[in-house]
Amino acid sequence: MTKLVRTEEETLLADAARGFLGDAAPVSHLRALRDKGETQDSDLWAQMAQMGWAGVLVPETCGGSEMGHAAAGVLAEEMGKTLVTSPFLSTAVIAATALKQVANDRSKESLKQIAQGTMTYALAIDESSKFQPDGTALAAHREGNGFRLEGQKRFVVDGGTSDRVLVLARTGDDKSLTLFDIPFDRSGVSRVARPMIDSRDAVDVIFDRVEATGDDILGSVDDAMTVLKPALEAGQAALAAEMAGLASGAFEMTVTYLKERKQFGVPIGAFQALQHRAAHLWCETEVTTTAILHAGRKLDEDPGNATLAVSLAKARAIQTAQLAVREGVQMHGGIGMTDAFDMGFYMKRARVAAEWLGDYGYHAAQVAKLRGF
Amino acid sequence: MNGHLDLKDFREKLRSWLEQNCPEEMRDGAAGDDSICWGGKNWNFTSPAQKTWLDRCAEQGLTVPTWPKAFGGAGLSRDQEKIFHEEMRRLNARTPLQSFGIWMLGPALLQFGTEEQKLRYLPPIARGEVRWCQGYSEPGAGSDLAGLQTKCEDKGDHWLVNGQKVWTSYADKADWIFALVRTDRDAPKHKGISFVLIDMESKGVTTRPIRLISGASPFCETFFDDVQVPKDQVVGTVNRGWDVAKYLLTHEREMISAGGALMGGGRALGAVLKESETGLSDPIQLSEAMRLEVDSLAFELTLERFKDQAESGQGVGDASAMLKYMGTELNKRRLEMVMAAAGSDALDWNDGRAPNWLRTKANSIEGGTSEVMLSIVSKRVLGLPG
Ligand SMILES: Cc1cc2nc3c(=O)[nH]c(=O)nc-3n(C[C@H](O)[C@H](O)[C@H](O)COP(=O)(O)OP(=O)(O)OC[C@H]3O[C@@H](n4cnc5c(N)ncnc54)[C@H](O)[C@@H]3O)c2cc1C
């Protein structure tokens, strides 16, 4: 496996991303969108597409930049630092990975449009308050040559603003699941907005006897996982990277404050009680950084065996991001509790990202299972 | 591509060498403390096989695989070293020799020693002929190591050493000691220290063992009364011993942090739980074990990352404090879990787990305490004031 240090290209990519996002999408950008009641900035996404970010996993033959999963992790981490909201994870990572598993003309066309930034996707899995793909109940009944989708999905991230949805449905009484690729404007599909604590886009989606044909299936009928598993793992790894970025963004703010804020005539960072907690947090972020890079490398180089690496990364990222935001608020004192200050945005995003695509318990259980528990 | 082929070739040759040369009895992994070969003049080999294994490895430079050949090593690159460890694990072969000479003094001499010092001291370490101990801590100088007071005076044709060290691991079994001494009492405390090498057989050196809570007594008080030391036994510049001391500590910390897998027997926690009577059914133990497994795996990868980083020229530096802190705290958690899973079975002195558990408590003290590691991170990495 490639070494667990960033390559020169990865370092350059991170620098470029940081430079761009520092100007185009600092935290104040998210704040401004929230204040306007919006969740996405389509101009920002167009610029990202131009830089090849939308096509980060799209093959060059379909117009993508095909930089790979470790690179997608680098981008997600930089976005996490300033809480950038964009269709990157749902579209460029999850949908692109799913579509790549299917080598037909339609999926190639979709990949082209993703890379150009002209098509966006959401992923609809959850039906309860927890991530549990196996428990999918939304039914796709066979009818004539096709199917009818009946049921409801929750916590569909980016669903309010995207063009299409990948929806996981039950096609048999046993464990048979099938993945459908449906446009949101199909008759019978409706969305209910869920104003989220992280000020981002999420909706419930209701499927009311929605017609689907064999052409709407991504992969094969009764076999969702061949396509979905790699897509989920890519998404989980990139989300973990985003959370690691979020943790380091919150941490940087905190360390800066420890040096500036004076009490008892000295900077509060001179108090050992705070120094040691800040140092501990740094140690945790270093260990998590490793797990993130390792997951990216595994997905690029040994994708069939990446589950352990991906779950390890997500579990570690959740633990570290939550610690970073808790300490971030506490060490800022009263100002950390105000809406005018950015730390609250970090805390709220960390909570949402912790739940999306599997929480700590889900991923720790995956690790335990694969380690012989 | 070429390098890749070379590595494949290297692995094959190494594998067949190990298969032909590692005695059957030495293929039981790191079975426990009594299986370690520390070497030294007074070493009693626990079996003829232990000696054969040491001698064969030493001949190939494989007791210190990455040291240069001229000083008793095999001159392996990092990739080759990785393969060496993989192949050793494949055979479940014991480490042929472990010592403070290998972990601590060797790297310091390679960095700061003169050519003559390297030729004189390194090969006997590699062959397991001379055993070293570390004389840093004193009764009044623990975390505040630079406050040490052991006196070392320039007497023209020799140095004269007087004072006391404490917590000197294996001082009663070691042949030589590397010690920090004060050569200038008037200079600021970091600037009057020197790093000296002293033969434990010198007149005036005595040791007294101290018993630990684990029942073992692996460490001692060490006394120096008018000990004469030849002039060429200072490493690095006189009064600049702190530089050598710090460099050595970095290696000590990496060694201690990597020792985690060793202490826990390197076994997956799931297996430990399954063997216990409550098995996987105790929700508290299960959840702690799952968290620990996540943290341990990520930490092991982090050790790999820092080795990769060191190899690509970016030093580890102050991050060794992070590795030491995280590794030793994890190790303590691991043994707490092992004890809890085993219940009253592990309370028997003869069981072996209890002494192991007690021993891990020292991990976050020896080589610099966890609190000191956090202070190093806050000041040197984060740049916090004070
Ligand atoms: C098993 C074992 C083997 C050892 N082997 C050797 C050896 O071979 N050679 C050798 O030279 N030494 C050895 N040591 C000694 C070891 O390095 C010292 O014990 C260690 O540096 C701590 O010093 P101390 O015991 O004097 O504790 P102290 O320094 O007295 O510390 C007591 C407590 O105060 C805390 N503390 C101290 N200063 C600060 C501060 N500034 N901020 C916050 N907290 C602080 C410490 O973290 C600790 O919790 C060994 C120790 C052990 C336990």
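Report, to the nearest 10°, how far helix A:272-301 tilts away from the longest principal axis of the Cα atoms in chain A, using its own Cα long axis and a range of 0 to 90°. Once rounded, the angle reads 30 degrees. Spin-label model, A:S129/A:Q272: points 7 Å from Cα along the beta carbon direction are separated by 4.3 nm.
Legend: mean number of C-beta atoms from other chains within 10 angstrom of residue C-beta atoms, peptide A:363-370, equals 5.
Put in order of Cβ neighbour count within 10 Å, fewest first, the listed residues A:E284, A:E60, A:E150 become A:E60, A:E150, A:E284. Note on A:Q101 and A:L12: with the Förster distance fixed at 30 Å, the Cβ-Cβ geometry gives a FRET efficiency of about 0.55. Across chain B, Cα-Cα pairs farther apart than 39 Å form 19% of the total.
Each of A:T288, B:Q285, B:G147 was scored by the projection of its Cα onto the charge dipole of the protein assembly as shown, and the greatest displacement toward the positive side belongs to B:G147; charges sit on the C-beta of Lys, Arg, Asp and Glu. Backbone geometry of the range B:50-56 corresponds, through the Karplus equation with coefficients 6.51, -1.76 and 1.60 at θ = phi - 60°, to 3J(HN,Hα) couplings of 4, 5, 4, 4, 4, 4, 5 Hz, x marking Gly and Pro. Which net charge results when you count Lys and Arg as +1 and Asp and Glu as -1 among the other residues whose beta-carbon is under 12 Å from that of B:S276? That works out to -2.
Its relative contact order, with pairs defined as Cα atoms under 8 Å and 6+ residues apart, puts chain B at 12 percent. Overall, the protein assembly as shown carries a charge dipole of about 1320 debye about its Cα centre when +1 sits on the Cβ of Lys and Arg and -1 on the Cβ of Asp and Glu, all other atoms neutral. In this Cβ point-charge picture (+1 for Lys and Arg, -1 for Asp and Glu), chain A has a dipole of about 1040 debye about its Cα centre.
The HN-Hα couplings worked out from phi for the range B:280-291 by the Karplus form 6.51 cos²θ - 1.76 cosθ + 1.60 (θ = phi - 60°) are 8, 8, 7, x, 5, 5, 4, 5, 5, 5, 5, 4 Hz, whole numbers, x standing for Gly and Pro. In this simple spin-label model, placing a label point 7 Å from the Cα along the Cα-to-Cβ direction at both B:S47 and B:D226 gives a separation of 4.9 nm. What separates the Cα centres of the range A:248-312 and the range A:40-99 is a distance of 24 Å. Between B:K379 and B:A187, residue separation times 0.36 nm minus the direct Cα-Cα distance comes to 66.7 nm. Once the C-beta distance of A:D208 and A:D163 is scaled by a Förster radius of 22 Å, the resulting FRET efficiency is 0.65 to the nearest 0.05. In the range B:234-386, taking the dipole from charged Cβ atoms about the Cα centre, the farthest positive-side position among B:V381, B:A341, B:V272 is held by B:V381. In this Cβ point-charge picture (+1 for Lys and Arg, -1 for Asp and Glu), the range B:7-102 has a dipole of about 260 debye about its Cα centre. Annotation note: trypsin sites (Lys or Arg not before Pro) in the range B:144-216 located in DSSP loop regions with a Cβ neighbour count of at most 12 within 10 Å are B:K155, B:R185, B:K203, B:R211. Counting Lys and Arg as +1 and Asp and Glu as -1 over every other residue whose Cβ lies under 12 Å from the Cβ of A:L44, the net charge comes to -4. Starting from the Cα of A:T226, step 7 Å along the direction of its Cβ; do the same at B:Q20; then give the gap between the two resulting points in nm. Those two pseudo-labels are separated by 4.9 nm. Run lengths n ≥ 4 of DSSP H only: what is the helix-derived mean residue ellipticity at 222 nm for the protein assembly as shown, with -39500 (n - 2.57) per run over all residues, to the nearest 500? Taking each H run of at least 4 residues, the total per residue is -15000 deg cm²/dmol.
Farthest toward the positive end of the dipole of the range B:132-239, out of B:H190, B:W132, B:Q228, is the Cα of B:H190, where the dipole comes from beta carbon charges about the Cα centre. Coordinate range of the alpha-carbon atoms in the range B:132-239 per principal axis, descending: 43, 29, 21 Å. With N as its number of residues, the range A:302-373 has a Cα radius of gyration that, divided by 2.2 N^0.38 Å, comes to 1.37. Inter-chain neighbour count for A:267-279: the average number of beta-carbon atoms from partner chains within 10 Å of each residue's beta-carbon is 5.
Among the listed pairs A:K108/A:K298; B:K165/B:K361; A:K3/B:K191, those with a Cα-Cα distance over 29 Å are A:K3/B:K191. Seen from A:R154, the other residues with C-beta closer than 9 Å to its C-beta sum to a net charge of -1, counting Lys and Arg as +1 and Asp and Glu as -1.
Its residue count N sets the reference 2.2 N^0.38 Å, and the alpha-carbon radius of gyration of the protein assembly as shown equals 1.09 times that reference. Taking every residue in A:290-296 and counting other chain Cβ atoms within 10 Å of its Cβ, the average works out to 4. Counting only the Cα atoms, the range A:225-370 fills a convex hull of 103 Å³ per residue. Shown for A:E9, A:E78, B:E138, A:E355: other C-beta atoms within 10 Å of each C-beta, ranked fewest to most, produce the order A:E9, A:E355, B:E138, A:E78.
Where a number appears in this text, it was derived from the coordinates with a stated rule and is not lab data. Just so it is clear, the model here is predicted, and its values are computed rather than measured. Cβ coordinates were reconstructed from backbone atoms using ideal geometry, including for glycine residues, and neighbour counts include every protein chain displayed.
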